[in-house]
1. So for the pair SER25, SER92, with labels modelled 7 Å out along Cα→Cβ, what separation do we get in nm?
2. Filter the trypsin sites (Lys or Arg not before Pro) in the range 65-145 down to the DSSP loop ones having no more than 16 other Cβ atoms within 10 Å, then list what survives.
3. Return the sequence-ordered ³J(HN,Hα) values of the range 8-16 in whole Hz as given by the Karplus equation 6.51 cos²θ - 1.76 cosθ + 1.60 applied to θ = phi - 60°, using x for Gly and Pro.
4. For the residue pair ASN17 and GLU126, what label-to-label distance in nm results when each label sits 7 Å from Cα along the Cα-to-beta-carbon direction?
5. Calculate for the chain the 222 nm mean residue ellipticity that helices alone would give, adding -39,500 (n - 2.57) per DSSP H run of length 4 or more and normalising by residue count, nearest 500 deg cm²/dmol.
6. Rounding to the nearest 10 and keeping the result within 0 to 90°, find how far the Cα-based axis of helix 38-50 lies from the longest principal axis of the chain.
7. Filter the GluC sites (Glu not before Pro) in the range 115-145 to those in DSSP coil with at most 13 other Cβ atoms within 10 Å of their Cβ, and list the result.
8. What list of ³J(HN,Hα) values in whole Hz, one per residue of the range 134-145 in order, does the Karplus curve 6.51 cos²θ - 1.76 cosθ + 1.60 (θ = phi - 60°) give from phi, with Gly and Pro shown as x?
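The values are calculated or read from the model by the stated rules, or taken from the named source; none is laboratory data. A quick note: this is a predicted structure, and the numbers were derived from the prediction, not measured. Here Cβ is always computed from backbone atoms with ideal geometry, including for glycine, and neighbour counts include all displayed protein chains. What goes into the accessible areas is simple: the full protein's heavy atoms, side chains included, and nothing from ligands, DNA or RNA. Shrake-Rupley method; radii C 1.70, N 1.55, O 1.52, S 1.80 Å.
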Amino acid sequence: VIGFSAGTDQPDVFFSNLRKEKWLSFFLAAAPSLIKKPSLVIKKLYGAIFYKGDSVDRLNNSFLLSSLAVDPHSESKGIGKFLINDLNQVLSDKRTSETIYLITDKNENGPVLGFYNKCGFSIESEFNNSGQREMLRLVKSIEVF
């Protein structure tokens, strides 16, 4: 695998369903760290248990791009842009979403923000998450082919 993208067109129910179906796997994966750093892991688990996704009323009919990754040895070869374009094509064919959006860090994130800007994303809003981390919500209209 040199790259992948993952997301959902139902962010308001996706994370709830994921917790219901995979709770034991999450707990088992967290157990070793829970022993080493209990206060940090409990805080993270609490956040994960109550996380409802990023459902924004003004972004109805939108696809949440949760993750995009490219193998570091394959960076700067157009794979990330290919993945964005492929996702656009799939969503265009399905016609279930009007926009793609994602959440990323606002600070010290220049290369990532530059990449998404080149792919046609723009800043929709800024906010602080529960840990007061400054975040950006980026959006891109789906091009219909």
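1. Going by the 7 Å Cα→Cβ label model, 3.2 nm.
2. When the trypsin sites (Lys or Arg not before Pro) of the range 65-145 are filtered for loop state and at most 16 Cβ neighbours within 10 Å, LYS77, ARG95, LYS106, ARG133 remain.
3. Coupling constants for the range 8-16: 8, 9, 9, x, 5, 10, 4, 5, 5 Hz.
4. Result for the modelled spin labels: 3.5 nm.
5. Details: 4 runs with 64 residues, N = 145.
So the calculated ellipticity at 222 nm is -14500 deg cm²/dmol.
6. Approximately 50 degrees, to the nearest 10.
7. Working: sites: GLU124, GLU126, GLU134, GLU143; in loops: GLU143.
Passing both the DSSP loop test and the Cβ count: GLU143.
8. 6, 10, 10, 10, 9, 10, 8, 5, 6, 7, 8, 9
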